[in-house]
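Contents: one structure, followed by commentary.
Just so you know, all these numbers are worked out from the coordinates, no wet-lab data involved. Computed from a prediction, not measured in an experiment: that's the story for all the values here. A quick note on method: Cβ atoms are made from the backbone with ideal geometry, for glycine too, and the neighbour counts reach across all protein chains shown.
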Amino acid sequence: MAVTPSRTMELPAESPLFQDPESRIVVLTNSERPPPPAEAQVVVERIPGPELDFALALERLRSTHGIRSVLLEGGPTILAAMVSANVVDELFLTIAAKLVGGDGEVSPLEGHALDAPAELTLKSVLKEGSFLYLRYTIGKGD
C-alpha cells in the first residue's frame, strides 16, 4: 500500500502508480478538495487542522489501515514537518559524489524550524562506488 500526504489534493493522477488499478493508495490530507480521477484504489484520510498533523495521520494509518511502519521518500519540507512532529525514528541519508554551489544553506530539512537540534546516532554505513549510505536513529541512543 502506498501512502502520500497532500495539502492541496493536487496529486500526480497521470503517474503509473495512480494509473494502476491494482495499486492501493491512502492520501493523507487536511484539504476538503476531492482527489482527481485515478485508476488506482484511492482512499482519502482527512486530518482536520490548518496544517497536516503527522502524529494524528500516522495514528490513523495504524488504527484504520493496520500500517505499523512507513518509509518516507520525500523532500526536505515533508521531512522537516515529520521530524518536528517527532514521528521519525530513523534517517537514511545518501551522500552522493557531486559538488554544487549556490546561495543559502543546504539542508535535508526545510520549512519547519526545529525547537532544538535533533540528536543523531550512527547505526550503519555502506559504501557503494562513490556513494555513502548512512543510517541514523533520531533522538534516541542505542
When the chain is treated as a Gaussian network with springs between alpha carbons less than 10 Å apart, the largest mean-square fluctuation among Val70, Val87, Val42 is found at Val70
Going toward the positive end of the dipole of the range 1-70, with +1 on Lys and Arg Cβ and -1 on Asp and Glu Cβ, which of His65, Val43, Asn30 do you reach last?
His65
Acute angle (nearest 10 degrees) that the helix 54-65 long axis makes with the longest principal axis of the chain, alpha-carbon atoms
50 degrees
Using a simple charge model, +1 on the beta-carbon of Lys and Arg, -1 on the beta-carbon of Asp and Glu, nothing else, what dipole does the chain show about its Cα centre, in debye to the nearest 20?
340 debye
For the range 14-118, what mean projected area does the convex hull of the alpha carbons give, in nm²?
9.3 nm²
For the chain, set up a GNM with springs between Cα atoms under 10 Å and report which of Leu91, Leu58, Leu71 has the largest fluctuation.
Leu71
Looking at the range 55-142, which trypsin sites (Lys or Arg not before Pro) are in a loop (DSSP not H, G, I, E or B) and have at most 16 other Cβ atoms within 10 Å?
Arg68, Lys98, Lys140
Candidates per GluC sites (Glu not before Pro) in the range 1-108, loop by DSSP, up to 16 other Cβ within 10 Å
Glu10, Glu14, Glu22, Glu32, Glu39, Glu51, Glu73, Glu105
Of Ala80, Ala97, Ala55, which has the largest mean-square fluctuation in a 10 Å C-alpha GNM of the chain?
Ala97
Place a point 7 Å from the Cα of Asp89 in the direction of its beta carbon; the residues of the range 22-57 whose amide N falls under 19 Å from it are 54-57
Estimated FRET transfer efficiency (Thr8, Val100; beta-carbon r; R0 30 Å; 0.05):
0.55
Can you check what the net charge comes to around Phe18, using other residues whose Cβ is under 15 Å from the Cβ of Phe18 (Lys, Arg +1; Asp, Glu -1)?
-4
Could you check what % of the DSSP bridge pairs in the chain are antiparallel, to the nearest 5?
60 percent
For Arg68, placing the label point 7 angstrom along Cα-to-beta-carbon and taking the range 1-28, residues whose amide nitrogen sits under 18 Å are 1-2
Based solely on its DSSP helices, what 222 nm [θ] is calculated for the chain when runs of n ≥ 4 H residues each add -39,500 (n - 2.57) and the sum is averaged over all residues, nearest 500 deg cm²/dmol?
-5000 deg cm²/dmol
